[in-house]
1. With the full set of protein chains in place, find how many percent of the accessible area of segment B:53-154 is carbon and sulfur; take the probe as 1.4 Å.
2. At residue A:300, with labels set 7 Å past Cα in the Cβ direction, how many nm apart are the copies from this one, shortest first?
3. Which positions within segment B:60-95 get 50 Å² or more of their accessible surface covered by the other protein chains, compared to the chain by itself, with a 1.4 angstrom probe?
4. If each label sits 7 angstrom from Cα along the C-beta direction, how far apart, in nm, is residue A:114 from its counterparts in the other copies?
5. Could you give each residue of segment B:275-280 its phi-based ³J(HN,Hα) in whole Hz, using Karplus coefficients 6.51, -1.76, 1.60 with θ = phi - 60°, and x for Gly or Pro?
6. Calculate the spin-label point distance for residue B:289 paired with residue A:331, positioning each point 7 Å from the Cα along the beta-carbon direction, and give it in nanometres.
7. Assuming a strict under-17 Å limit between Cα atoms, what lysine pair count do you get for segment B:175-332 once near-sequence pairs (fewer than 8 apart, same chain) are dropped?
8. Give me the accessible area buried between chains B and A, both sides summed, with a 1.4 Å probe, in Å² rounded to the nearest 100.
Protein chains: 2
Amino acid sequence: MQLHCPLPGSSSDVVQMAHGAGGRLSRELMEKVFLPHLSNSLLESLDDQAKLSLSSGNVAFTTDSYVVSPLFFPGGTIGELAVYGTVNDLAVGGAVPEFLSAGFVIEEGFAFADLEKIVVSFAAAARKAGVQVVTGDTKVVERGKCDGVYITTSGIGVIREDVAVSCRNLVPGDVVILSGSIGDHGISVLAAREGLSLQSGLESDSAPLHAMIAFLLDAFPGVHAMRDPTRGGVAAALNELASASGVGIELDEDQIPVKPEVKGACELLGIDPVSVANEGKVLVFVPERGAEPVLEAMKAHKEGMHATLIGRVVAGHPGQVVMKTVYGSRRVVDMPLGEQLPRIC
Amino acid sequence: MQLHCPLPGSSSDVVQMAHGAGGRLSRELMEKVFLPHLSNSLLESLDDQAKLSLSSGNVAFTTDSYVVSPLFFPGGTIGELAVYGTVNDLAVGGAVPEFLSAGFVIEEGFAFADLEKIVVSFAAAARKAGVQVVTGDTKVVERGKCDGVYITTSGIGVIREDVAVSCRNLVPGDVVILSGSIGDHGISVLAAREGLSLQSGLESDSAPLHAMIAFLLDAFPGVHAMRDPTRGGVAAALNELASASGVGIELDEDQIPVKPEVKGACELLGIDPVSVANEGKVLVFVPERGAEPVLEAMKAHKEGMHATLIGRVVAGHPGQVVMKTVYGSRRVVDMPLGEQLPRIC
C-alpha cells in the first residue's frame, strides 16, 4: 500500500508516530487502511460517535482487549479474534449482536501490509458475524511500547425478549452441553508462538457462534445460561458459573472431546486441556428436557457438529467442579491459578 | 494493597503475567483493585456482558483508546482522560452519557499502587460524569510491550430527541463559539513528560462537559454541530467540520483565549496553539440568533466561564479555515500534518 507520506526521512511502508497524532496522516490512515474495508454509512460519517437506532432499549454491552501473540496463527488473526470474541460474548448473553466499536493501538514501525491484513480479516469477520463496525479509534505508540497491534472491541446487541440467561441461573438437574472439542485455540497459538509445527494441521477454533446460538434458542428458549470458555478454558468458565449460582457441577471426562494432538501437546507441556482457551466453543446449561432439542439444534451447525452432554449441575459441593476421570476416580477441577498460556487472546 | 500471590519468586506489589490469564489471579485483580472502586450491580454480576435498559433505542456509541504519557500529569491522570474523553464524545453528539466499558492493557511489573491510583481516578471521574462502568476487561502483557497502562473506553448515551447535531450541518452564517482557553492539556502533558516545570501551575483542562452541554442545548436546541477539539486541537476539529459540511470557516485570532504560559511554551517549541490538544473544551456551531442564549448558558458553568465567539461559517473557500491574525493579516489554518505532540491522550 502506498500512503502519501511527506515527512522527511520517513519510509512509506510502516506506521509512524505521526499517523497517531490526529492530523492529516491520522486521517489518511483511516481513509486508506480502515475505511476501504469497513465501509458503512455510520462509520463514514466520521462523527466522533455513531448514532444507532436499536429496535429495543434492552441491550447487552460488552468489551474485550485482544493482545494475542503472534498476531497471525493457524486458523485466525488478532482481527478475527477481536470480532468473534466480542460477538460471542453478546450471543451467550441472549443478545443478537449488531454493532461493534474498535480501538487499535499500533506500534510505530508496524508494516502497513500487516496492518492491512489484520483490517481485512477484521472486516471479513464482522461481515460473517453480521455486525457493523460503526465507530473506532487508532493510536500509535513508540517502538517497544506495544507488540505490533492491540485491539479493543466493544459490542452492542439487542437482547431477545424470550430469553433470560445469566451465570446465576444454574439449578441442580441442569445438564451441561459443550459444543465441541476443547483446547484447539490455545494449543494452536502456543504452537505458532513457539515455532512448533503440529503435523496434524491443528487450527484455532475461532468462529462466530451467534447463528448457532440463535438457532438453539429458537429450539429451546428456556436455556438457563451460556458461556464461551475462552481464557482459562472450560475450567474457569465452569468454576465461575458454579460459584455465581451456588451449585456444584459434575463432569464426565470421558465425554469431553479433546483432539489427540491437543491431548498430546497438553501432556508434553504438563497442562490440563480443560484450562486451555477456546474461541469458538460454548457451554450451554439447560433443564434436562431441553437437552435433546438443544443438542439437535447445535449439531445442525458446523460450529456445534460435535456437541455433547458433558456433565450435570448438582446441589452438592456448591461452587465446586468435580470430574469423573477416565480411570473412574474423581478429581476437583480448580479455577486455574494463572499463566499457563499467557497472551492467548 | 496486599494481593494473595502464591507464585514462587513473585512479588506481591506489582502486576504479573498471571494476573492476565483468566484464572484465579485475574479474578483477584478484578475483585481487589477494580470492583471496590467501580461497584455497581451491573458490573458486579460478572457476566461477560452487561444487560442495559435504555430509555430509547436511539443511542450514540463511541470509543477511544488512551495511551497518554506520562500516566499522571498536572490536572489529571489517564483514568480521568479515559472517562471524560469518551463522555465528551457522546455529549457533543447530542447524547446523554449513560454507560461505559473499559479495557485495560497492563504491563507486567506495573505497581499495584499506581494501578489503584488510576482506577480510583477513573471511578471518581465516572461518578462526576454521571456514567456507570458496566463491563470491562483486563489483559497483561510482558515488560516492554506496553507503557504502564493503556485504557480503551466505549460509551453509550441516549440521544436527545430535540437535538440533531452533525459535522455535516454547518451553514454559512453560523457562528463558532469556543468554551475557553486552548492548549492547556497538550502543554501540561508535554511539560510533565519532559520534566519542564511551568512556574505558573498550568494544568490540563481535562473535564466532563455533559452538564454544560445539556444546559446549553436546553437553552437553544437548534445547535448545528459540536466538537471537542482534542487530538490535533481546534485546527483539526475546524478543518474536519469545514470539509464535512463543504463550507469555509473564518476565525479571529484576537478572540481565541490562549493563556500566556501556553503561548510562551508554543513559541518556544515552534508550535501553533490552535493545533494543541484540549480535553475539556468544546466548539459549538449555532445560527447567529442562538449565539446569545448559548454563550449565556455556557458562562453559567465553570467549564464555559470564558466562552467566547471566535469566528463564523462562510460560503467562500469551502473546506478551508482562515484566520485573521492579531496583526490584521490573514492566514490559512491547515489540518495539522502529524506529530507535533505525540501521546497526548
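1. 48
2. Output for residue A:300: 5.9 nm, nearest copy listed first.
3. B:61, B:63, B:65
4. List, nearest first: 2.6 nm.
5. 10, 9, 5, 10, 10, x
6. Those two pseudo-labels are separated by 7.9 nm.
7. 4
8. Numbers: alone 15160 and 15170 Å², together 23950 Å².
In total, chains B and A hide about 6400 Å² from solvent.
The values are calculated or read from the model by the stated rules, or taken from the named source; none is laboratory data. Owing to the predicted nature of the structure, the values given are computational and were not obtained by experimental measurement. Using ideal geometry, Cβ is built from the backbone for each residue, glycine included, and neighbour counts are taken over all protein chains shown. Quick note on the areas: whole protein, heavy atoms, side chains included, nothing else; ligands and nucleic acids left out. Shrake-Rupley method; radii C 1.70, N 1.55, O 1.52, S 1.80 Å.
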